[in-house]
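Reviewing the structure listed below.
Please treat every number below as a calculation from the coordinates, not as lab data. As the structure is a computational prediction, the values presented were derived from the model and not from experiment. Note that each Cβ is placed from the backbone with ideal geometry, even for glycine, and that neighbours are counted across all protein chains shown.
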Amino acid sequence: MNTQDKIHAQVNANPVVLYMKGTPQFPQCGFSGATVQMLQACGLQDFAAVDVMADPDIRNGIKAYANWPTIPQLYVNGDLVGGADIVREMYALGELQALVNPAGAS
């Protein structure tokens with residue numbers, strides 16, 4: 001399985017996948033940490049997180065996968081949502097909460 005196939009499988013096997021630097025417990029950059037905090041603030045405690053620092057092929061491959069140059073990258077239901085700035089804006093508008101936790105959206 002090549003890197004693109006591996007990423008495709010990860011994105012489609014989990015409802016929410018965050019490609020980040022570090023782990024949710026120990027983020028290695030502020031943008032990754034902020035994205036984790038926003039997901040958790042939406043009530044989402046259980047999501048797949050992929051530490052791009054642990055695998056250089058994934059780190060480079062994820063940028064090519066959706067033609068998105070930065071990390072973190074958030075995928076929901078197989079679709080790229082965006083990076084930290086987009087996630088932050090969606091959170092402020094209440095859109096992220098509805099996207100990742102539709103049953104809990106009001």
Given the conditions (1) among the polar types (S, T, N, Q); (2) closer than 12 Å to Met20 by Cβ; (3) in contact with a Cys (Cβ under 7 Å, 6 or more places away or on another chain), every one holds for Asn101 apart from (2)
What tally of residues in region 5-49 results from selecting those that are touching a helix residue (DSSP H, G or I) at 6+ places or on another chain (Cβ under 7 Å) and of a type in the set (Val, Ile, Thr)? 4
Within region 56-90, the residues that are among the charged types (D, E, K, R) and either within 16 Å of Cys29 (Cβ to Cβ) or touching a strand residue (DSSP E or B) at 6+ places or on another chain (Cβ under 9 Å) (or both) are Arg59, Lys63, Asp85, Arg88, Glu89
Can you pull out every residue in region 46-60 that is surrounded by 14 or more Cβ atoms within 10 Å (Cβ to Cβ) and either free of Cβ contacts under 8 Å to residues at least 24 places away in the same chain or farther than 20 Å from Pro15 by Cα (or both)? Met53, Asp55, Arg59
Checked region 63-105 for anything in contact (Cβ under 8 Å) with a residue 60 or more places away in the chain, aliphatic (A, V, I, L, M) and surrounded by 20 or more Cβ atoms within 10 Å (Cβ to Cβ); matches are Val100
